[in-house]
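Structure, as structure tokens:
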Amino acid sequence: MFIDSPFMTDNTSLPFQLTPESMASWLNSLSSLPPAVAANQLNLTLKELARTEADVNALLPLLINLSPLALHLSNSLANVARAEQQGKAYKIAKLSIQLLRHLSLALCRAIESGRLANETQPIAIFHALHLIGYCQRNSALFYEPPSATLWKKTALLYQIADKRNWLQQPIAGKFADLKQPNSIEGVTKRNLLFAIFAPNRYAAAEIEQLFKLAAITQPLLETSMLPSQAPDFYWELKDSEPYPAKRGHWQTSRGIMAISTQRLGGALRLGEISSELPQAALSKLTQHLCGYDQLFATVDLKPPILPARFFPGLGSVQAYLSSQDKLSKILRLSGQSANRSALRDMSLVPLEHEKNFYKPSNGHVSNFAKQPGFPVTLLRNHSKQFVVAESSEGAFYTGDIGMLSREQQTPRLMLVRRQVAFEDTTLIAFEPVLGELSIHDIAGDGGKTVQAVLVTDENYNEVFLPRGKYALESKIALPNGSTLQLKSCLEFNEYYARFRVTVDS
């Protein structure tokens, strides 16, 4: 299978010829180097291999044979990074992630060339998806945002394999870390399931267990490319990870993968699957996979009725906080005390140019029932973590952010965690975001001004940003002279990007 190649070090910047003997000699030379130095040299080589024009049939076995070293060095660097100080740790963690990213992209490029022998294409897809999965794991360990590029490649590889009927074909992985799952479908399901687990919301030690759990339980993940009524999650096979179903009555369309996690969630709840996850984390995961069914089961549908209104979307949150900020300044200029009570009484009425954010009803807003936003009814439940509401008008989406307002109470920031159809209405699980809220103008992509919603708590600080490209450890200047530094990505979806931050004055 290996053939000599005319592509030598002097014209490709590679440190070896594309033969197994030359590469083996080079790998042996790396063994005497410190792990960080060896990893850096391997990373530079992988970047070259990802863009070389060499014969892909000669290149493929070399790339596969580099996999165990890349995984070993990546794991070693990840362990070192977790023990280092934050500034230095990030550079080491980045190298850990890049090793697997560049190797998987080199495999993807060989597959996309269309020049691989037919019998080796499924093997290449299998290994590329395995490495993408490990890259996702290490990215989650350091709370990186999901990679749009790797999700786009995952979708492409899956579609190629599906078209050629390779999904369920057993493939013998050559190395221990690449043996299970042993099919393209199995590896894809593991990667999808790991993303569905929302690992960035867990501690690093729990993230490792989540990845192992995804590999073990992926056969229980039920998927379909046919239109499906009320799936738990869906995957668009584009450049993003799977998301929760948009609404309780929502149906997938053709070309979108519908995903059900009920079978898996039920097995975990019944203790049919062993896991080293702490019980609190396991309960959190099970609730997520089972659609918060136990939360909805505790709801008391009897009076008293608690009317409220929900203002969906990051734009609504920004508009509310902007109007509150302006009202605070007006009160200060007029000599009044900008206390919370005064702001609470005034801030629910949007300014004229901001009404489009709130979708107000026609006419003057004179009382709570006529306030803009969607009417919801709050329902009593036994959870201290979630707020449950019902609505027959809710045109908002699971995963979205918004403000929940009750009469004579300060609006609260909420995340829509789940919606389920219930008779002729919809039940919604809201998760409150605790902390003091403030809004700040910042420089966005292309220098355009956007707004950041800062959440300040005594133990941590978070920021909600419009979706875009963000790098950990990058700094965002605020108009008041403070600086936010992005430390970890907690959530990243089509509605917002949520980061844990430090605030430097």
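The values are calculated or read from the model by the stated rules, or taken from the named source; none is laboratory data. Predicted model, so just to flag it, every value in this text is computed and none were measured. Here the Cβ positions follow ideal geometry from the backbone for every residue, glycine too, while neighbour counts run over all protein chains shown. Calculation scope for accessible area: heavy atoms of the full protein, side chains included, ligands and nucleic acids excluded. Shrake-Rupley method; radii C 1.70, N 1.55, O 1.52, S 1.80 Å.
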Between a first residue in segment 97-118 that is within 17 Å of A78 (Cα to Cα) and a second residue that is buried (at least 18 other Cβ atoms within 10 Å of the Cβ) and of a type in the set (F, W, Y), which pairs have beta carbons less than 7 Å apart while being 6 or more apart in sequence or on different chains?
-> L100/Y134
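Mind counting the residues in segment 207-227 that are charged (D, E, K, R) and assigned to a helix (DSSP H, G or I)?
Residues in segment 207-227 being charged (D, E, K, R) and assigned to a helix (DSSP H, G or I): 2 in total.
In segment 31-46, how many are modelled with pLDDT of 90 or more and open to solvent by 60 Å² or more (accessible area, probe 1.4 Å)? Give the steps one after another, and end with the answer.
At the first step, the residues of segment 31-46 found to be modelled with pLDDT of 90 or more are 37-46.
Keeping just the survivors that are open to solvent by 60 Å² or more (accessible area, probe 1.4 Å) gives 37, 40-41, 44.
Qualifying residue count, segment 31-46: 4.
Condition first: outside any loop (DSSP other than H, G, I, E, B), among the basic types (K, R), open to solvent by less than 10 Å² (accessible area, probe 1.4 Å) and on the phi < 0 side of the Ramachandran plot. Can you find one or more residues in segment 180-198 that meet it? Give the derivation first.
Step one: of segment 180-198, the residues outside any loop (DSSP other than H, G, I, E, B) are 184-196.
Those left that are additionally among the basic types (K, R): 189-190.
Filter once more, so that each one left must be open to solvent by less than 10 Å² (accessible area, probe 1.4 Å): 190.
Then keep just the ones that are on the phi < 0 side of the Ramachandran plot; that gives 190.
Scanning segment 180-198, I find at least one residue that is outside any loop (DSSP other than H, G, I, E, B), among the basic types (K, R), open to solvent by less than 10 Å² (accessible area, probe 1.4 Å) and on the phi < 0 side of the Ramachandran plot, so the answer is yes.
Conditions (1) under 20 Å from H288 (Cβ atoms); (2) open to solvent by less than 60 Å² (accessible area, probe 1.4 Å); (3) within 24 Å of the chain's Cα centre (by Cα); (4) basic (K, R), marked per residue:
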residue	(1), (2), (3), (4)
S405	no, yes, no, no
Q409	no, no, no, no
V416	yes, yes, yes, no
F422	yes, no, no, no
T425	no, yes, no, no
A429	yes, yes, yes, no
V433	yes, yes, yes, no
T449	no, no, no, no
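Would you be able to say whether some residue in segment 123-143 is in contact with a strand residue (DSSP E or B) (Cβ under 6 Å, 6 or more places away or on another chain) and open to solvent by 10 Å² or more (accessible area, probe 1.4 Å)? Steps first, answer last, please.
Of segment 123-143, the ones in contact with a strand residue (DSSP E or B) (Cβ under 6 Å, 6 or more places away or on another chain) are 143.
Adding the requirement that they be open to solvent by 10 Å² or more (accessible area, probe 1.4 Å) leaves 143.
Within segment 123-143 (the criterion being in contact with a strand residue (DSSP E or B) (Cβ under 6 Å, 6 or more places away or on another chain) and open to solvent by 10 Å² or more (accessible area, probe 1.4 Å)), the answer is yes, since at least one residue qualifies.
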Out of (1) touching a helix residue (DSSP H, G or I) at 6+ places or on another chain (Cβ under 9 Å); (2) touching a residue at least 60 places away in the same chain (Cβ under 8 Å); (3) open to solvent by 10 Å² or more (accessible area, probe 1.4 Å); (4) not hydroxyl-bearing (S, T, Y), the odd one out for I207 is which?
-> (3)
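Tell me, which helices (runs of 4 or more DSSP H) wholly within segment 254-364 include 3 or more residues that are at pLDDT below 95 and loosely packed, with under 14 Cβ neighbours inside 10 Å?
Numbers: elements: 262-269, 279-289, 293-297, 314-333, 340-346, 355-358.
So the answer is 314-333, 340-346.
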Of all residues making up segment 457-477, the number that are in a loop (DSSP other than H, G, I, E, B) and out of contact with any Asp or Glu (no Cβ under 8 Å at 6 or more places or on another chain) = 8
Close pairs (6 angstrom Cβ cut-off, 6 or more residues apart or separate chains): touching a residue at least 12 places away in the same chain (Cβ under 8 Å) in segment 301-312, open to solvent by 40 Å² or more (accessible area, probe 1.4 Å) and not basic (K, R) anywhere = R309/P375
Members of segment 435-447 that are assigned to a strand (DSSP E or B) and loosely packed, with under 12 Cβ neighbours inside 10 Å = E436, A443
Within segment 158-180, how many residues turn out to be modelled with pLDDT of 95 or more and within 18 Å of F194 (Cα to Cα)?
-> 1
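Here is a yes/no grid of residues against (1) over 19 Å from E144 (Cβ atoms); (2) open to solvent by less than 20 Å² (accessible area, probe 1.4 Å); (3) modelled with pLDDT under 85:
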residue	(1), (2), (3)
I3	yes, no, yes
D10	yes, no, yes
P15	yes, no, no
S25	yes, no, no
S29	yes, no, no
L73	no, yes, no
S76	no, no, no
K88	no, no, yes
When residues of segment 381-403 are filtered for being touching a helix residue (DSSP H, G or I) at 6+ places or on another chain (Cβ under 9 Å), part of a loop (DSSP other than H, G, I, E, B) and either more than 19 Å from A198 (Cβ to Cβ) or open to solvent by less than 30 Å² (accessible area, probe 1.4 Å) (or both), how many remain?
-> 4
